[in-house]
Amino acid sequence: MEISSAWQALLQSVSRSFYLSLRFLPAAVRGELSVAYLLARASDSIADSASVAASGRLALLEQFSVAMTAPAPEGFFSSVGRLQVDHAGEQILLQRLAECFAQYEKVDAPARRLIQAVLGHILHGQKLDLQRFPGSLQTPAELTEYTYLVAGCVGEFWTGMLALRIPKWATLPSDEMLRLGREYGQGLQLVNILRDLPGDLADGRSYLPGENDLLAKRNFWAQQARTWLASGESYAAHLNGWRLRFTADLPWRLGLATLNALPPTEIATVKISRKAVRKLMFTSAWRALSGH
């Protein structure tokens, strides 16, 4: 399916890093992955909106789940459109959510089932967030589950879409690519958690379980993030075609650069500069084109 220039502009406004990959995807999957991303970003904006109490956001996420497989509950889109968020692009997305669902309805049945599955996991993870916080995750299993629900499942979805739409898309069996994609997504989400640690703590969210001091916990989970990101490097290397390799290689490099930027002796928020992102894009493009 084709995505209009207006929808491309909206995609760019709500995602700096993901859009860099999305725009280079083969046309066979670009439209459907774009629709899935916008739905996931909209649900995330609903979950994060401070203009409605947590109970109200939970109710809207439940209605979102219904709308994935049946007609949207009456008043759902108007209620979402009245939510207030800080990001201008996300505000427009919420106000145009009905149009986004209209695009979703154009997706054929096999792809729609994949989108329904991944949004089901993501919505479950978002609802758990609203139920758990303020507070903290208690066990490593809870954090592992969370990284799967909000990102590992995206790696599986991405893999499923490539297998559905693109013949001979990878040099490894689909089951192995599915595992690598799942761990890759978990690694990217864990990087986000480590990067945003100060802000999350200020908001009453503690994602890192354990009894050790915060710096020790962060450094421990940074090693786990590196392990999962290594699956991302392997995932990208086993894709066929420069476009697929580039779109998978770039997020891995951005995630690794973010981990490397974490100060080893203090807790701080880090952000990769636009200049550094451009450099990583050139590196990913070279690797994708050369096949190395």
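The values are calculated or read from the model by the stated rules, or taken from the named source; none is laboratory data. For clarity, every value in this text was computed on a predicted model and none was experimentally measured. Because the Cβ atoms are built from the backbone with ideal geometry, glycine has one as well, and the counts that use them run over all protein chains shown. Each accessible area value is taken on the protein alone, full model and side chains, heavy atoms only, with ligands, DNA and RNA left out. Shrake-Rupley method; radii C 1.70, N 1.55, O 1.52, S 1.80 Å.
Worth a mention:
- Residue satisfying condition, being surrounded by fewer than 18 Cβ atoms within 10 Å (Cβ to Cβ) and within 19 Å of the chain's Cα centre (by Cα), within set D175, D196: D196
- Note on the stretch 165-200: residues that are farther than 24 Å from L256 by Cβ, in a helix (DSSP H, G or I) and either touching a residue at least 60 places away in the same chain (Cβ under 8 Å) or of a type in the set (D, E, K, R) (or both) total 2.
- Extreme residue, most open to solvent (accessible area, probe 1.4 Å), among residues of the stretch 133-150 that are in contact (Cβ under 8 Å) with a residue 40 or more places away in the chain and part of a helix (DSSP H, G or I): P140
- Enumeration of residues in the stretch 209-228 that are surrounded by 16 or more Cβ atoms within 10 Å (Cβ to Cβ) and farther than 22 Å from P198 by Cα: W228
- Of the residues making up the stretch 250-292, those that are open to solvent by less than 40 Å² (accessible area, probe 1.4 Å) and part of a loop (DSSP other than H, G, I, E, B) are L262, P263, A268, V270, I272.
- Contacts under 8 angstrom Cβ, first residue in the stretch 64-91 being outside any helix (DSSP H, G or I), partner open to solvent by 70 Å² or more (accessible area, probe 1.4 Å) and at pLDDT below 95, 6 or more apart: Q84/A50; V85/D48
- When H238 is tested against (1) under 21 Å from V191 (Cα atoms); (2) modelled with pLDDT of 95 or more, only condition (1) is not met.
- Test set (1) part of a loop (DSSP other than H, G, I, E, B); (2) modelled with pLDDT of 95 or more; (3) touching a helix residue (DSSP H, G or I) at 6+ places or on another chain (Cβ under 9 Å) - F24 fails condition number: (2)
- Out of G160, G125, G120, G155, sole residue that is open to solvent by less than 30 Å² (accessible area, probe 1.4 Å), over 23 Å from L194 (Cβ atoms) and part of a helix (DSSP H, G or I): G160
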